[in-house]
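The values are calculated or read from the model by the stated rules, or taken from the named source; none is laboratory data. Quantities reported herein were computed from a predicted structural model and do not represent experimental measurements. We place every Cβ from the backbone using ideal geometry, glycine too, and count neighbours over all the protein chains shown. Ligands, DNA and RNA are stripped out before the accessible areas are found, and what is left, the full protein with its side chains, is counted by its heavy atoms. Shrake-Rupley method; radii C 1.70, N 1.55, O 1.52, S 1.80 Å.
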Amino acid sequence: MRLGVGYLSVSNFSCTPRPVDRFRAVVPAATHSTMNIAIEAKKSEGAERLLQVTVPLDAVNEAKEKAARKIAGTVSLPGFRPGKAPLAMVMKRFGEAIRSEAVETLVQDAYKEVLEREQLKVAAQPHIHDLKFEEGEPLTFDLHLELRPELALANTQGFKVTRTVRTVTDEDVQQQLEQLRDQRASWSPVEDKPMEGDMVTVLLATADEDGTIPEGREYRIVLGGGQAIPGIEEVIMSIKAGQSSEQSVRWPDDFPDETQRGKSKSVRVELKDVKRKSLPELDDAFASEVGDFESVEALRKVVREDMEESATRESDAEVRQKLLDELIGANPFDVPPSWVAQLVHGYADAYKIPEEEHERFATGFRPTAERQVRRDMVIDAIAESENLKASEADIDDKVTEMAGKRGVNPGQLYAQLQKAQRLSELERGITEDKVFAWLFERNTVE
């Protein structure tokens with residue numbers, strides 16, 4: 001019997017992996033007996049190991065007999081009372097079921113023995129390759145493992161990093177205020193030809209390959225916003241509401257669909273309406289509408305404070321990452337590929353990446369995911385070794401602090417965070433703050 005590739009469980013020889021916390025070792029229950037298996041290392045690369053495992057014939061025969069006795073106790077054969085049929089007859093009649101039961105047990109027990117003998121801590125669910133189970137022969141298979149890295153952070157101090165301080169200027173504040181005005185803009189119909197920044201409703205149709213122009217589809221477009229190619233926008237801006245035009249338009253050389261780049265097609269545009277944006281005045285009335293501010297100067301002051309707080313948070317995050325990069329560079333370690341793949345998959349789901357785009361997304365995002373995994377591993381290692389993990393008291397204090405700022409009852413806020421499953425996020429943030437406070441005491445930030 002020759003099998004292809006499968007995960008560690010080999011029931012029916014077709015199984016799927018169980019989800020595994022990427023920071024929890026997958027360790028089976030200890031086994032108290034051994035099968036004297038042979039283990040040969042075939043590959044050792046980074047966190048990955050490929051081992052060839054051979055289960056001796058006597059252990060194989062014992063497992064088959066045990067499986068046969070188990071099945072014999074549950075089946076009935078003509079002429080025999082339940083559980084009383086001769087073992088040889090049972091093995092002949094239910095050979096495939098017995099072999100499947102035996103190989104499942106043998107692989108699981110051999111896996112446990114490999115981990116115990118080699119003292120391995122795995123990072124994710126292992127899987128098997130090229131399992132061979134021939135009559136009268138030992139059982140052999142390749143066991144593919146990803147090992148949980150042992151982080152020995154020998155060098156955690158003496159590093160020097162530079163803080164980038166971004167000054168919030170009057171121009172920055174004004175740009176933010178203009179964005180607030182833009183968010184509260186009103187749109188009014190105009191009879192002029194549309195211009196950049198106007199919102200238009202059009203019926204748009206593009207000629208087919210045979211030159212036929214179908215019925216137009218309605219679109220609402222803000223001109224100059226990149227929603228339509230420049231050639232089509234030029235056609236739109238050449239007519240007034242109620243008019244139509246049919247012109248040849250050349251598709252740009254950087255068009256996403258490579259097959260359409262540089263092609264010229266007939267396009268028919270019917271302009272149904274044009275609306276122009278009107279921004280509110282930046283005055284005290286606007287400030288009151290935005291957030292019940294007494295004056296525009298009070299609004300301006302709060303906007304500046306918010307931007308300065310944001311700039312400080314960005315600077316802190318940058319300094320933290322620089323310091324971690326120094327630590328990782330001085331203490332190299334391998335990362336299990338499955339942990340990176342798990343994070344990539346999680347972000348693909350969060351960003352709602354279409355299935356057909358997953359591979360391209362993974363290729364581009366994998367370096368970022370690996371950096372995040374390394375970051376988390378270093379933080380966890382320091383938190384563990386220096387006893388810096390957030391305690392229940394730390395969490396209670398943080399919730400009380402947050403409740404005070406929001407003017408709510410701490411117990412109610414705790415219940416809300418618990419219901420929203422955000423307490424673990426809060427715990428993680430506290431732990432990170434404690435780890436970085438520990439690092440900043442031992443390193444220099446200029």
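For this structure, a couple of remarks:
- Volume per residue of the C-alpha convex hull in region 237-320, rounded to whole Å³: 194
- Contour minus Cα-Cα distance for LYS263 and GLU209 (0.36 nm per residue): 18.3 nm
- Efficiency of FRET from Cβ geometry, LYS277 and THR164, R₀ 56 Å, rounded to 0.05: 0.95
- In Hz, Karplus ³J(HN,Hα) per residue of region 184-193 (6.51, -1.76, 1.60; θ = phi - 60°; x = Gly, Pro): 10, 6, 10, 10, 10, x, 10, 9, 6, 5
- Inter-probe distance in nm under a simple model that places probes 7 Å from Cα toward Cβ, at GLU289 and GLU441: 5.3
- Here the chain is treated as a Stokes sphere of Kirkwood radius computed over C-alpha pairs; at 10 °C and 1.306 mPa s its diffusion coefficient rounds to 54 µm²/s.
- Charge dipole of the chain about the Cα centre (unit charges at C-beta), most positive-ward option of VAL60, VAL302, GLY226: VAL60
- Helical runs (DSSP H, four residues minimum) scored at -39500 (n - 2.57) apiece and divided by the length of the chain put the mean residue ellipticity at 222 nm at -15000 deg cm²/dmol.
- Stretchable slack from GLN108 to LYS66, in nm (0.36 nm times residue separation minus alpha-carbon distance): 13.6 nm
- Where the chain is the region considered: accessible area per residue in Å², 1.4 Å probe: 60
- Of the residues GLU314, GLU392, GLU191, the one that moves most in a GNM of the chain with alpha-carbon contacts below 10 Å is GLU191.
- Rounded to the nearest 0.05, the FRET efficiency derived from the C-beta distance between ILE39 and GLU384 at R0 = 41 Å is 0.85.
- Note that region 392-397 has calculated 3J(HN,Hα) couplings of 4, 5, 4, 5, 4, 4 Hz, one per residue in order, obtained from phi through the Karplus relation 6.51 cos²θ - 1.76 cosθ + 1.60 (θ = phi - 60°); glycine and proline are x.
- If you model region 171-242 as an ellipsoid using its alpha carbon gyration tensor, with each semi-axis the square root of five times an eigenvalue, the axes come out at 31, 14, 10 Å, biggest first.
- Judged by the mean number of other Cβ atoms found within 10 Å, the most tightly packed of the peptides 97-103, 328-334 leads the ranking 97-103, 328-334.
- Using θ = phi - 60° and Karplus 6.51 cos²θ - 1.76 cosθ + 1.60, couplings along region 43-51 (whole Hz; Gly, Pro as x): 7, 9, 9, x, 8, 9, 9, 10, 10
- Peptides 257-267, 271-281 ordered by packing proxy, namely the average of other Cβ atoms within 10 Å per residue, highest first: 271-281, 257-267.
- Working from label points 7 Å from Cα in the Cα-to-Cβ sense, the MET89 to GLU392 distance is 6.3 nm.
- Theoretical FRET efficiency, 1/(1+(r/R0)^6), r = Cβ-Cβ of PHE255 and ASP58, R0 60 Å, to 0.05: 0.30
- Highest to lowest packing among 164-171, 227-234, 288-295, 375-382, scored as the average C-beta count within 10 Å: 375-382, 227-234, 288-295, 164-171
- Fraction of accessible area attributable to carbon and sulfur, region 192-261 (%, probe 1.4 Å): 44
- Among VAL435, VAL296, VAL60, residue whose mean-square fluctuation peaks in a GNM of the chain (springs only between Cα atoms under 10 Å): VAL296
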